[in-house]
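Student: This is the structure I want to talk about, given as structure tokens.
The values are calculated or read from the model by the stated rules, or taken from the named source; none is laboratory data. This structure is a prediction, so every number in the text was calculated from the model and none was measured. Here the Cβ positions follow ideal geometry from the backbone for every residue, glycine too, while neighbour counts run over all protein chains shown.
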């Protein structure tokens, strides 16, 4: 799969080289490891057009680009095309009639070096690229001590971007982002200060002219802390023990609470592997004050399964409820590792796609709420649980003692219910259902049924945990005591030897935490909006490009903030396919203000390559600033990851004629 996840009919392998054939004509040319353009193999007499192979960005002077394994040599010259050029052109003459085994391009993009079998190394001068044009449509969104910028790329030959902040019109220190991504977070801003930004694109010719200045934003201490990255990450040769920062520069938060606070911290990433049997562990670690709780270990972590699901992303979400003290500085990091030691050549990956230059966003978020408000209730354990001989109908508490909370709102409110567990099975064909059940007042809505639930697939993925997350919103009456329990069952009647499990690991005797949380939001605040449906949805014949509303009537949220606010938007759905090889993409579309599509706000990919009829309790989080007195419409959208003649589905079940709820939730912080 290399750094890409879009493939025509079968999953790609890690990057090697490109080849084409036309009748009896066959030629081979390695992938260009530089960022200076594209390479393909062309030969006189071949009628088929050469296949375009995207360049791979490189920050080192030289990088091994490819190795041809048993390819047929030919006398074709190596041809090159820059992304701005309309046609391929030959850049060297007199090349040997030999197999090119290794191709390296210097960082300046001026010379290509070709190694051959038995014919030595040949150098080829390359044309110099012109400077990039200015990026366009630069848009800024304020955060807490930061701003998120989006823009449109001037060309696909960009190697880096330079962002210059202007504080009240005065230019600050430029920030260099060594990535072609067009979504970046600018850290280190002062809350309460107004900023604008310019973006400059650079390539081998150096920086081009800057863009016009962006819109003005003012970071605010009332906003949650949030960072994201649309890069794709790989971890090579994990020892299965050591937690490693995914990106210490772009996926880290430094937080100093002004009051004792409850922190809802979370990480959201598309995790996958190219090697069956190698699972991906993701965690949120905290340092500062009383943290870490255990040295070298994150405060919460989840395992994403790869035993039978190569190239099948898990829209993984991990959440923890932590308690922070006023005036103490904390550092929050998103970390990962493999679940076991493997060869130094085995990778795990984060980030699906790409769509344009951006992979699916990897996010790290911290929502701080005053401890004095007593608005968050949670319970968690680090035990492992098992359930055998489930009848497929009866919901049972996972742990009636340790995974239950009671709460009594003092005013009319709505509650955000969440459950987070690593679910898996030891016998293929039995999926795991997890839900949040409520008693008290008008609940349960339906006898013996949870208010929200999700199904985690096991049809083709034994011993492959799904970092399952279930979310729901319910109304609460003032003065009524409610009790929440985390419950589960199999998706159908199962024999005693067909157990389902919760909890991955262990690490140091502790399994991945199973968490239950309830956040109460007073109705008078007017900051919580939600939509949900218990229908099942089907999308047939997606072209793999166009985002389509899941339900343009029932899964839409309309809002008009009274003042400028920061929104955290989440979507939760059971996604699955009946045709192996077609993954399911789920996103949040925003219209109103400066409209941003799911490519820029947030999306996740749910894998179906090796897991038919195996729902992924997919969860996607997006965050952005909303302008006051502006009407917005949020929609839940989806598509396949590639053109598909078959169908993808949302919603598992049914139970009593109702499928697992699909939800869209927006919470404002003003």
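Student: From the list 267, 327, pick out the single residue that is in contact (Cβ under 8 Å) with a residue 24 or more places away in the chain and out of contact with any strand residue (DSSP E or B) (no Cβ under 8 Å at 6 or more places or on another chain).
Tutor: So the residue among 267, 327 that is in contact (Cβ under 8 Å) with a residue 24 or more places away in the chain and out of contact with any strand residue (DSSP E or B) (no Cβ under 8 Å at 6 or more places or on another chain) is 327.
Student: Give the residues of the range 659-670 that are part of a loop (DSSP other than H, G, I, E, B) and farther than 13 Å from residue 491 by Cβ, sorted by residue number.
Tutor: 661, 670, listed by residue number.
Student: Another question, then. Given the criteria under 20 Å from residue 653 (Cα atoms), at pLDDT below 90 and crowded, with 22+ Cβ neighbours inside 10 Å, does residue 614 qualify?
Tutor: yes
Student: I'd like to check something: does the range 649-658 contain any residue that is at pLDDT below 90, closer than 24 Å to residue 488 by Cβ and under 19 Å from the mean Cα position of the chain (by Cα)?
Tutor: For the range 649-658, residues at pLDDT below 90, closer than 24 Å to residue 488 by Cβ and under 19 Å from the mean Cα position of the chain (by Cα): absent.
Student: When the residues of the range 106-137 are narrowed to those that are assigned to a loop (DSSP other than H, G, I, E, B) and modelled with pLDDT of 80 or more, which ends up nearest to the chain's Cα centre (by Cα)?
Tutor: 135
Student: Name the strands (runs of 3 or more DSSP E) wholly within the range 548-611 that hold at least 1 residues that are more than 18 Å from residue 269 (Cβ to Cβ) and not assigned by TED's automatic domain parsing to the domain that holds residue 269?
Tutor: In the range 548-611, the matching strands (runs of 3 or more DSSP E) lie at 556-559, 565-577, 584-591.
Student: Right, here's the next one. Just one of 478, 504 is surrounded by 14 or more Cβ atoms within 10 Å (Cβ to Cβ) and part of a loop (DSSP other than H, G, I, E, B); which is it?
Tutor: Result of the check over 478, 504: 504.
Student: Quick one: in the range 399-408, which of the residues that are touching a residue at least 24 places away in the same chain (Cβ under 8 Å) and part of a loop (DSSP other than H, G, I, E, B) is nearest to the chain's Cα centre (by Cα)?
Tutor: Of everything passing the filter in the range 399-408, 403 is nearest to the chain's Cα centre (by Cα).
Student: Run down 200, 182 and say which single residue is in contact (Cβ under 8 Å) with a residue 12 or more places away in the chain, touching a strand residue (DSSP E or B) at 6+ places or on another chain (Cβ under 6 Å) and within 19 Å of residue 251 (Cα to Cα).
Tutor: Being in contact (Cβ under 8 Å) with a residue 12 or more places away in the chain, touching a strand residue (DSSP E or B) at 6+ places or on another chain (Cβ under 6 Å) and within 19 Å of residue 251 (Cα to Cα) holds for just one of 200, 182, which is 182.
Student: Tally time: how many residues in the range 507-530 are out of contact with any strand residue (DSSP E or B) (no Cβ under 7 Å at 6 or more places or on another chain) and assigned to a loop (DSSP other than H, G, I, E, B)?
Tutor: Number of matching residues: 4.
Student: Then there is this: Could you please find all residues in the range 234-264 being in contact (Cβ under 8 Å) with a residue 40 or more places away in the chain, under 26 Å from residue 150 (Cα atoms) and surrounded by fewer than 20 Cβ atoms within 10 Å (Cβ to Cβ)?
Tutor: Residues satisfying the conditions are 234, 245, 247, 248, 252, 254.
Student: Which number in (1) on the phi < 0 side of the Ramachandran plot; (2) without any contact (Cβ under 8 Å) to a residue 60 or more places away in the chain marks the one condition that residue 501 misses?
Tutor: With (1) on the phi < 0 side of the Ramachandran plot; (2) without any contact (Cβ under 8 Å) to a residue 60 or more places away in the chain applied to residue 501, the lone miss is (2).
Student: Answer yes or no: is there a residue in the range 368-381 that is within 23 Å of residue 179 (Cα to Cα) and either more than 19 Å from the chain's Cα centre (by Cα) or buried (at least 19 other Cβ atoms within 10 Å of the Cβ) (or both).
Tutor: There is no residue in the range 368-381 that is within 23 Å of residue 179 (Cα to Cα) and either more than 19 Å from the chain's Cα centre (by Cα) or buried (at least 19 other Cβ atoms within 10 Å of the Cβ) (or both).
Student: Anything in the range 360-398 that is assigned to a loop (DSSP other than H, G, I, E, B), touching a strand residue (DSSP E or B) at 6+ places or on another chain (Cβ under 6 Å) and within 29 Å of residue 332 (Cα to Cα)? List them, or say none.
Tutor: Hits for the range 360-398 are 360, 361, 375, 382.
Student: Just one of the numbered conditions (1) under 28 Å from the mean Cα position of the chain (by Cα); (2) at pLDDT 95 or above; (3) not in a loop (DSSP other than H, G, I, E, B) is not true of residue 469; which one?
Tutor: Against the list (1) under 28 Å from the mean Cα position of the chain (by Cα); (2) at pLDDT 95 or above; (3) not in a loop (DSSP other than H, G, I, E, B), residue 469 comes up short only on (2).
Student: Only residues that are farther than 11 Å from residue 649 by Cα, at pLDDT below 80 and touching a strand residue (DSSP E or B) at 6+ places or on another chain (Cβ under 7 Å): list them for the range 570-597, please.
Tutor: Across the range 570-597, the qualifying residues are 594, 596, 597.
Student: I'd like to check which strands (runs of 3 or more DSSP E) are fully inside the range 221-275 and have at least 1 residues that are modelled with pLDDT of 95 or more and under 20 Å from residue 323 (Cβ atoms).
Tutor: Ranges flagged: 225-229, 252-255, 261-273.
Student: Additional query: State yes or no: is residue 411 part of a loop (DSSP other than H, G, I, E, B) and touching a helix residue (DSSP H, G or I) at 6+ places or on another chain (Cβ under 9 Å)?
Tutor: yes
Student: Of everything in the range 193-220, what is part of a loop (DSSP other than H, G, I, E, B) and over 23 Å from residue 622 (Cα atoms)? Give them in sequence order.
Tutor: Hits for the range 193-220 are 193, 194, 204, 205, 208, 209, 210, 211, 212, 213.
Student: Restricting attention to the range 185-197, which residues are free of Cβ contacts under 8 Å to residues at least 60 places away in the same chain and within 19 Å of residue 152 (Cα to Cα)?
Tutor: Selection gives 186, 196, 197.
Student: In the range 141-157, what residues are free of Cβ contacts under 8 Å to residues at least 60 places away in the same chain and assigned to a loop (DSSP other than H, G, I, E, B)?
Tutor: Within the range 141-157, 154 is the sole residue that qualifies.
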